[in-house]
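Rule-based calculations on the coordinates, nothing more; no lab input. Keep in mind that what you see is a predicted model, and the values were worked out from it rather than measured. Cβ coordinates were reconstructed from backbone atoms using ideal geometry, including for glycine residues, and neighbour counts include every protein chain displayed.
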Amino acid sequence: MDFALTGEQRLLQETLRDFAEAELRPHYARWDRNREFPAEVWPRLGAVGAFGLRVPGALGGADLNYLEAGLAIEQIARGDFNVCYGMLNSCFAGDILSRFATQQLCETWLTPMAAGEKIISVMLTEPHCGSDAASIRTRAVRDGDHYVINGEKSAITLLMVADAGILFAKTAPEKKAAGVSAFLLPLDTPGLSRTPYEDMGAKGIVRGSLFLDNVRVPAANMIGPENAGFTQVMQTFDYTRALIGLMCLGAAEQTLEETISYVKERQAFGQPVSKNQGVSFPLAEAKSRLEMLRWLCYRTLWLRDQGLPHTAEAAMCKAEGPTICADVIRACLVLHGHYGYTQDFPVEQRYRDVLGQIIADGTPQIMKLIIARHVLGREFA
């Protein structure tokens, strides 16, 4: 077993960490306070390859493997947790479109997405179902060279600024999960309307709901064969859950490092507060938990790169990763004293932001069910 990164992988980490420190972290709080989408930095993120991680080189992407995509998102999250939603969406879109869509769709959408010129959202969740993705009600009916789509999608990240979405709809409702298809949906198509949310965190990613009223989409915009969408999305979730673990890890690592510096400088009773075990032990525990999470996520992505089973491991990353990181950030908030509860430090913002990923892409309960089925067998779980 070789745990060493290559020189190219270490350079990738260093380059993106420097970018995150210089271009993202100074503005992280401002974008949150103003509920502002970071439009000015989006093309610069494209220029350093953040949105082309899983896009083929022939289409302008970086064509990185899965582990390297994880290394990248971990470093960017240290500067701004929320722009990583764009990276997650781009990895999802890069994988699904490059594998299943037509060359024309890929050239039209993946190349500008990788450059930071276009934004693609993922449209799966509906008001009545999140984790139960097979129960979606949005319907796509064939009409000549088009499909006519009606329904509602909810909890869509970056919806209010997106140019297109990967939409999942039922094309054969009687087949349940086996009757779901995927479409590339331009968001200037007639019949669409969007409504933004007011979330407690991740304010700059402007989540929202999408309403579809007799929306006509060319049949050529179907991604892959008809009724193959459910398999596509489930296979992609198997690694994006590990990316989410590393996204949360990057935010928690940055917070831990800032807290270590703070407790060394903060004086109480004539000495740095770091000399108290009530301060140093929580930091030691935090570091230990983050290291364990890091290597679980790295191994999961390595398994993906080797073509080996990793569904249960990905669920472990998602079930425990965001919760571990939220716990670490909360402990750091406490160690900052009353300052941690103010907006003078970024701790409270990272706490709010990371909490959202406990829910996203499958709740902890659903992840534990996946793991239990792996451990016990489906018939006993």
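The GNM of the chain, with springs linking C-alpha atoms under 10 angstrom apart, assigns the highest mean-square fluctuation among ARG17, ARG266, ARG30 to ARG266. Over the chain, Cα pairs under 8 Å with separation of 6+ residues give a relative contact order of 16 percent. Here the gap between GLN13 and ARG266, fully extended at 0.36 nm per residue and compared with their Cα-Cα distance, gives a gain of 88.0 nm. Distances between placed amide hydrogens fall under 5 Å for ASP199 paired with no residue 5 or more residues away or on another chain. Relative to the dominant Cα principal axis of the chain, helix 277-305 is inclined by about 30°. Loop-located chymotrypsin sites (Phe, Trp or Tyr not before Pro) in segment 277-381 (DSSP state not H, G, I, E or B) with no more than 11 neighbouring Cβ atoms inside 10 Å: PHE380. Values of log10 I(q)/I(0) for the chain across q = 0.07, 0.08, 0.09, 0.10 Å⁻¹ run -0.31, -0.41, -0.51, -0.63, by the Debye formula with one identical scatterer at each alpha carbon and no solvent. Normalising by residue count, segment 230-376 has a Cα convex hull of 110 Å³ per residue.
Cysteines of the chain lacking any other cysteine Cβ under 4.7 Å from their own Cβ: CYS84, CYS91, CYS106, CYS129, CYS297, CYS317, CYS332.
Would you mind checking the pairs LYS118/LYS203; LYS203/LYS368; LYS203/LYS287; LYS118/LYS176; LYS118/LYS170 and listing those with alpha carbons more than 23 angstrom apart? In this structure, LYS203/LYS368; LYS203/LYS287; LYS118/LYS176; LYS118/LYS170 exceed 23 Å between Cα atoms. When only the Cβ of Lys, Arg, Asp and Glu is charged (+1, +1, -1, -1), the dipole of the chain relative to its Cα centre reaches about 720 debye.
Segment ALA178..ALA29, full-extension length gain: 49.3 nm, with 0.36 nm per residue of separation and the alpha-carbon distance subtracted. In segment 7-118, the alpha-carbon atoms span a convex hull of 84 Å³ per residue. Extension gain, MET200 to HIS146: 0.36 nm times the residue separation minus the Cα-Cα distance gives 15.5 nm.
In the chain, taking the dipole from charged Cβ atoms about the Cα centre, the farthest positive-side position among ILE359, VAL141, MET123 is held by ILE359.
Over segment 302-381, Cα pairs under 8 Å with separation of 6+ residues give a relative contact order of 36 percent. Each peptide in 326-337, 98-109, 66-77 was scored by the mean count of other Cβ atoms within 10 Å over its residues; highest first, the order is 66-77, 326-337, 98-109.
Placing a label point 7 Å from the Cα of SER135 along the Cα-to-Cβ line, the residues of segment 147-186 whose backbone N sits under 19 Å from it are 151-156, 168-181. Between 0 and 90 degrees, the angle of helix 347-359 with respect to the longest Cα principal axis of the chain falls at about 40 degrees. Comparing GLY46, GLY278, GLY356, which has the greatest mean-square fluctuation in the GNM of the chain with Cα pairs linked when under 10 Å apart? Checking each option, the largest mean-square fluctuation is seen for GLY278.
Give me the angle, in degrees from 0 to 90, between the Cα long axis of helix 7-19 and the longest principal axis of the Cα atoms of the chain, rounded to the nearest 10. Approximately 80 degrees, to the nearest ten.
Expressed in units of 2.2 N^0.38 Å, where N is the residue count, the Cα radius of gyration of segment 169-305 is 1.64.
Across segment 122-227, C-alpha contacts under 8 Å between residues 6 or more apart give a mean separation that, scaled by the residue count, equals a relative contact order of 32 percent.
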